[in-house]
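Student: Quick one: the structure is below, and I'll ask about it shortly.
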Amino acid sequence: MAEDAIVSGPEILDGMPIIKGTRVPVYDLAASAKAGIPQRRILAAYPTVKEHHLGLAGASARSVPDYTLR
């Protein structure tokens, strides 16, 4: 499912992984969740993102070895 919801390419935000159909970077969502921002606030800030995208974003961000959530 993540393969269908998360995309990247050189023509989209310089290849940064995003939620498909949006310009919302996966790392922004994952960092917000990691920082303890409530889901309702994250979803309000990114109205094109759905609740299930938050979990996918976290898993995707953690799977990239050169990126760490701080």
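Read the figures in this text as sums done on the coordinates, not as results from a lab. From a predicted model like this one, the values you see are computed outputs, not experimental measurements. Heads up, the Cβs are rebuilt from the backbone with ideal geometry, glycines too, and the neighbour counts pull from every protein chain shown.
Student: Can you order the peptides 32-38, 9-15, 20-26 by their average number of other Cβ atoms within 10 Å per residue, highest first? The partial results should precede the final answer.
Tutor: Working: 32-38: 12.9, 9-15: 10.1, 20-26: 16.3.
Averaged packing, sorted descending, gives the order 20-26, 32-38, 9-15.
Student: Also: Based on Cβ point charges of +1 for Lys and Arg and -1 for Asp and Glu, what charge dipole magnitude is obtained for the chain about its Cα centre, in debye rounded to the nearest 20?
Tutor: Working: 8 positive and 7 negative charges, 77 e Å.
That gives the chain a dipole magnitude of about 380 debye.
Student: Now, a different point. Taking amide H atoms as placed 1.01 Å from N in the peptide plane, list the residues 5 or more away in sequence, or in a different chain, whose amide H sits under 5 Å from that of I6.
Tutor: Placed amide hydrogens put K20 under 5 Å from I6.
Student: Separate question: Report the relative contact order of segment 2-63, percent, no decimals, based on alpha-carbon pairs under 8 angstrom and at least 6 residues apart.
Tutor: On the way: 68 pairs, mean separation 19.5, N = 62.
Once divided by the residue count of segment 2-63, the mean separation gives 31 percent.
Student: Another question about this same structure. Using alpha carbons only, what's the Rg to Rh ratio of segment 2-63 with Rh from Kirkwood?
Tutor: Values: Rg = 10.7 Å, Rh = 11.4 Å.
Result for segment 2-63 is an Rg/Rh of 0.94.
Student: Given S32, I18, T48, which one lies farthest toward the positive end of the charge dipole of segment 2-63, if we put +1 on the Cβ of every Lys and Arg and -1 on the Cβ of every Asp and Glu?
Tutor: Going by the charge dipole, the pick is S32.
Student: Does a label point 7 Å from the Cα of S63, set along Cα-to-beta-carbon, have any residues of segment 5-39 with amide nitrogen under 14 Å, and which are they?
Tutor: 5-8, 17-20, 26-27
Student: Using θ = phi - 60° and the Karplus relation 6.51 cos²θ - 1.76 cosθ + 1.60, list the HN-Hα couplings for segment 27-43 in order, rounded to whole Hz, with x at every Gly or Pro.
Tutor: Per residue, the Karplus-derived 3J(HN,Hα) values read 5, 5, 5, 5, 5, 4, 5, 4, 6, x, 5, x, 3, 4, 6, 5, 5 Hz.
Student: Treat each spin label as a single point 7 Å out from the Cα along the C-beta direction, and report the S8 to A35 distance in nm.
Tutor: 2.1
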